[in-house]
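The values are calculated or read from the model by the stated rules, or taken from the named source; none is laboratory data. Note that this is a predicted model, so its numbers are computed, not measured. Note: ideal-geometry Cβ built from the backbone for every residue, glycine included; neighbour counts use all protein chains shown. Quick note on the areas: whole protein, heavy atoms, side chains included, nothing else; ligands and nucleic acids left out. Shrake-Rupley method; radii C 1.70, N 1.55, O 1.52, S 1.80 Å.
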Amino acid sequence: MKILSTVLVILFSISVSAQITQNIRGKVVDIETRGALIGVKVQIVKDSTVLFKVGTEMDGSFIISDVPIGKHTLICTYVGYRDFITDINLYSGKEVLLTIEMEESVSDMGDLVIKDDTPRGEAGNEMAMVSARRFSVEETDRYAGSRGDPARMASNYAGVQGTDDSRNDIVVRGNSPIGILWQVEGIQIPNPNHFAIAGSQGGPQSILNNKVLSNGDFFTSAFPAEYGNSISAVFDLNFRNGNNLNHEFTGQFGVLGMELNAEGPINKQKGSSYLANYRYSTLGIFQAAGIDVGTDAIPRYQDAAFKIILPTKNQGHWGIFGVGGISDIAIKISDQKEASLEFYGDNDRDQYFGTGMGVLGTRFSKTLNKDTYFATTLAFSHENNHANHDYVARHVDSTTNEFVVDSLYPLMGYVFQSSRIQLASNITKKLTRQHVIKYGLTADMILYEYLDSALEATHTQFNQRWDAKGSTFLIQPYVQWKYKATDDLVLTTGLHALYFEQSNSFSFFEPRFGMKYSLDRSQSINFGAGLHSQIQPLYTYFYHKTGPNDEKIYHNENMDVTKSAHLVLGYNKSFKSNVRIKSEVFYQYLYNVPVEVESSAFSLVNQGSGFARFFPDSLQNTGTGNNYGLELTVEKFFDNSFFFLITASLFDSKYKGSDSIERNTNFNGNYIANILGGKEFAINKKNVLSIGGKVTWGGGQRYGRVDTTASYAQNELIFLDQDFNEFQFRDYFRADLKINYKINAKKVTHEIALDLVNITGQQNILGLSYTPNQPDGRDFRENYQLGFLPIFYYRIDF
């Protein structure tokens, strides 16, 4: 506290007399062809007063210098194009760099009148008509409880569940988090999280740092034809460009660790730039402070990202980018004398676990002419998971009532790794003002190696479960067409196809359709439909059995893709006060889902969360499922120094295994609601205090009756098929509070922030675990999620 007090005294003593300004720079392009727009009128407005007005140059660029720091509205108007309006928060430590995409109007002349009811928050993808919204990097810092994590921020959106404090899994409309597609710079990337379990798409901490990301798009259903290999949701992100005129730096230190960020010009005349970020984090500070983070072990992780932009002649851009992270943890039960409440590990073994992922790629884009845009990305990605478990045989000393270790021996070990060489290319062609066509191809060469062995139940000999090495291909062509019948009626349609060599799976002619009909400038009706498919987690194809002659039998190597048909109907209403109401009803029918050949409740729709792999028996693609529900969003965008977001979802998620009995999926919480809000207080012309809060309430986790005999035999929690997922833990509830204080000095911004997660200390139940030989004699127990978690950091931009 003495250090914090000293920092506060120093920062509050900074002079507040002189006015501080900063620059706003950017480029205005056509949303479809990315061609530069010349002569666009760009205005900076504050409290209905136009402060600055400029026009774009021959390359579409503009610069507005010496703008007073604070909140402003930027408005772009151009003949023949729809107006563009966005809000800007300007601080002294960094220039604001923008790429503004304007949409051409069907009518001959654009409406040049400034309109406050222009829809906001809509996806940047011009083909998206429904179940899509813009991902704002600024919101990851503004929303309480988001911790700068894009995935945790997305849990605030309607239809997305965020009721697992230990992970940032994105559970959308009752689907497994396996179903999400992470895409960066036009290519699919491996699970972008530290401590990522094979086959999952979430983890405790994101590798993607919001300081290097630009705004992106988040889709929750019926997404455009350019997206494939996903049946649930799409997170489409890009790295932002570095400042091409001035060098800027960011340093941050806090309870979760430290990070450094640098950006600046490589060649000012040519407009080339660099952007680089490094983060190292350890939770050792929490342990020293006696704060419970769900584990007695110390997780360690670090990650980095970079992007280099090299403009070429005639509106071309060549970029080089990369992102990666490594993490490891050692959970040693053998060192414990008292019973532990570890929910990251099992209580009968020491566990050593590590992960890593990385992506290195290059992207070239160019406006070929005023009507045609071309982009291609070539990348290499790699991911690995490795673990070793040592069995701890122990007993409780009757005198001291403490654990005593009797023996320690190897129990299990595995190394899973895969790499991809990826190519993604597309061409966008504007045929007329009304007709736009986009077509492309993504091709992945996948290299894999899976090794795993474990002691048999008798603990007398090892059994090899994975031993596979090879390669395969994933090919996905697509074409999509946008037709603007009028400025009020827009239709999109497309086809996607998928071929996976490993299982010889074809998914031809996946149709997509979208429609948006504007009743007036402030309200619209939206509709979307589509057929989507996805391959199974790669390692599940290579789990093998041993034949009578010790031969390997890969009994699931021919699994087909899972398919899902989506229907969505929505209504949007925007108000002049920057408030909008959005509601959607949806239905999804899943089929071709892998289930066991033998009659059982097992289905792959229930996998993909938690910290354990799964070990499938012989599977067949005969399972089904369905999700349906209603969602509501009431949102006030950050304006007049405050914002709020209210989302609510009512849904039902069911499935059928090979026994044809309909059951709740693992993710059927039935309801989820979020209330967020925040307010900025201008202390003076330089300093700003921000206070934000969040409350989440949702249905509890599903569970069934425990199969005691099977759990003992397999040394892990096993549920009976009868009444599986028929029971539900009590509701999840969490309240968060975030306090920020920013001090703007000349060319420097200081920020002190305190994010108070679960301020009420609510004990939310995560699930059950098998914990034999506990002092109280029980073999099963409830695991609780995070308690009160304060997260402090100090940040400086200069």
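Could you tell me what % of all Cα pairs in segment 597-679 have separations over 18 Å? Before the final figure, lay out the partial values.
Details: 2009 of 3403 pairs.
Of all Cα-Cα pairs in segment 597-679, 59 percent lie more than 18 Å apart.
What's the Kirkwood radius of segment 681-791 in Å, using all Cα pairs? All intermediate terms of the calculation are to be shown ahead of the outcome.
Working: mean 1/r = 0.0567 Å⁻¹.
Over segment 681-791, the inverse of the mean reciprocal pair distance is 17.6 Å.
Between LYS337 and ASP707, what's the calculated FRET efficiency when r is the beta-carbon distance and R0 is 41 Å? Round to 0.05.
Working: r = 31 Å, r/R0 = 0.76.
With a Förster radius of 41 Å, E is 0.85.
Going toward the positive end of the dipole of the chain, with +1 on Lys and Arg Cβ and -1 on Asp and Glu Cβ, which of LEU474, TYR91, GLN351 do you reach last?
Going by the Cα projections, it comes out as TYR91.
What's the extension gain from HIS395 to PHE473 if we count 0.36 nm per residue and subtract their Cα-Cα distance?
23.0 nm
Enter the angle in degrees (range 0 to 90, nearest 10) between the Cα long axis of helix 2-12 and the first principal axis of the Cα atoms of the chain, meaning the one along which they spread out most.
Result, in degrees: 10.
Fully extended, how many nm does the chain gain between GLU551 and LEU650 (0.36 nm per residue separation, minus their Cα-Cα distance)?
On the way: separation 99, 0.36 × 99 = 35.64 nm, distance 4.96 nm.
Gain on extension, GLU551 to LEU650, equals 30.7 nm.
Viscosity 1.306 mPa s, temperature 10 °C: Stokes-Einstein D of the chain from its Kirkwood Cα radius, in µm² per second?
Numbers: Rh = 27.8 Å.
In µm²/s, the coefficient rounds to 57.
Could you work out [θ]222 nm for the chain from helices alone, using -39500 (n - 2.57) per DSSP H run of at least four and dividing by all its residues? Round to the nearest 500 deg cm²/dmol.
Numbers: 5 runs with 35 residues, N = 798.
Taken over the chain, the calculation gives -1000 deg cm²/dmol.
If r is the Cβ-Cβ distance from LEU260 to ILE421 and R0 is 35 Å, what FRET efficiency results, to the nearest 0.05? Spell out each step's value before the answer.
On the way: r = 31 Å, r/R0 = 0.88.
Here the calculated transfer efficiency is 0.70.
Go ahead and run the numbers for FRET between SER48 and LEU689, Cβ-Cβ distance against an R0 of 35 Å, rounding to 0.05.
Working: r = 25 Å, r/R0 = 0.71.
After rounding, the FRET efficiency stands at 0.90.
Net charge near PHE638, counting Lys/Arg +1 and Asp/Glu -1 over other residues with Cβ under 9 Å of its Cβ? Present the calculation step by step, with values, prior to reporting the outcome.
Working: positive: LYS71, ARG142, LYS636; negative: ASP87, GLU138, GLU139, ASP639, GLU680.
Spelling it out: positives minus negatives among the neighbours equals -2.
For segment 440-551, what is the accessible area per residue in Å² when the probe is 1.4 Å? Could the numbers behind the result be given before it?
Details: 4920 Å² over 112 residues.
Counting only protein heavy atoms, the per-residue value for segment 440-551 is 44 Å².
Along the charge dipole of the chain, which of PRO224, SER48, VAL568 sits closest to the positive end, that is, farthest toward it, with unit charges on the beta carbon of Lys, Arg, Asp and Glu (+1, +1, -1, -1)?
Of the options given, the answer is SER48.
Principal axis extents for segment 708-772, Cα atoms only, whole Å, descending order, please.
Here the Cα extents, ordered largest to smallest, are 69, 24, 18 Å.
Express the C-alpha Rg of segment 460-517 as a ratio against the empirical globular expectation 2.2 N^0.38 Å, rounded to two decimals. Write out the running numbers ahead of the final one.
On the way: Rg = 20.9 Å, N = 58, 2.2 N^0.38 = 10.3 Å.
Here the answer is 2.03, to two decimals.
Taking the Kirkwood radius as the inverse of the mean 1/r across Cα pairs, report the Rg/Rh of segment 488-546.
Working: Rg = 18.8 Å, Rh = 14.6 Å.
Taking Rg over the Kirkwood Rh, I get 1.29.
Any chance you could run the full-extension gain for ILE581 through LEU431? It's 0.36 nm times the residue separation minus the Cα-Cα distance, nm to one decimal. Intermediate results must be reported in sequence, preceding the final value.
Numbers: separation 150, 0.36 × 150 = 54.00 nm, distance 3.41 nm.
Answer, rounded to one decimal: 50.6 nm.
Under a point-charge model restricted to the Cβ atoms of Lys and Arg (+1) and Asp and Glu (-1), what is the dipole moment magnitude of the chain relative to its Cα centre, in debye to the nearest 20?
Working: 73 positive and 86 negative charges, 678 e Å.
Computed about the Cα centre, the dipole is about 3260 debye.
What is the chain's relative contact order, in percent, from Cα pairs under 8 angstrom and six or more apart in sequence?
Values: 2328 pairs, mean separation 93.8, N = 798.
Taking the mean separation of contacting Cα pairs over the length of the chain, I get 12 percent.
Working with all protein chains in place, sort PHE513, PHE644 by solvent-accessible area computed with a 1.4 Å probe, largest first.
Largest accessible area first, the residues go PHE513, PHE644.
Modelling each spin label as a point 7 Å along the Cα-to-Cβ direction, I'd like the PHE509/SER660 distance in nm, to one decimal.
Going from the PHE509 label point to the SER660 one covers 2.9 nm.
Report the one residue of PRO511, THR633, ASN549 whose Cα lies farthest in the direction of the positive end of the charge dipole of the chain (charges on C-beta: Lys and Arg +1, Asp and Glu -1; origin at the Cα centre).
In the chain, that residue is THR633.
Counting DSSP beta bridges with both partners in the chain, what percentage is antiparallel, nearest 5? Could you put the intermediate results ahead of the total?
Working: 333 of 345 bridges.
Approximately 95 percent, going by the DSSP bridge assignments.
Hey, can you find the accessible area per residue of segment 681-763 for me, probe 1.4 Å, expressed in square angstrom?
Values: 4040 Å² over 83 residues.
Roughly 49 Å² per residue, with all protein chains present.
Let me know the whole percent of all Cα-Cα pairs from segment 213-260 that are separated by more than 13 Å.
Working: 805 of 1128 pairs.
In whole percent, the long-distance tail amounts to 71.
Between segment 456-535 and segment 727-743, how far is it from one alpha carbon centroid to the other, in angstrom?
Rounded to whole Å, the Cα centres lie 33 Å apart.
Can you tell me the convex hull volume per residue for segment 408-551, based on C-alpha atoms, in Å³ to the nearest whole number? Let's see the in-between values first.
Working: hull volume 25.8 nm³, N = 144.
Hull volume normalised by residue count: 179 Å³.
Give me the base-10 log of I(q)/I(0) for segment 356-456 at each q in 0.18 Å⁻¹, Debye formula, one uniform scatterer per Cα, rounded to two decimals.
Those come out to -0.93, one per q.
Which value, in Å³ per residue, describes the convex hull spanned by the Cα atoms of segment 585-626? Please report the intermediate quantities before stating the final value.
Details: hull volume 3.3 nm³, N = 42.
Considering the Cα atoms of segment 585-626, their hull volume per residue is 79 Å³.
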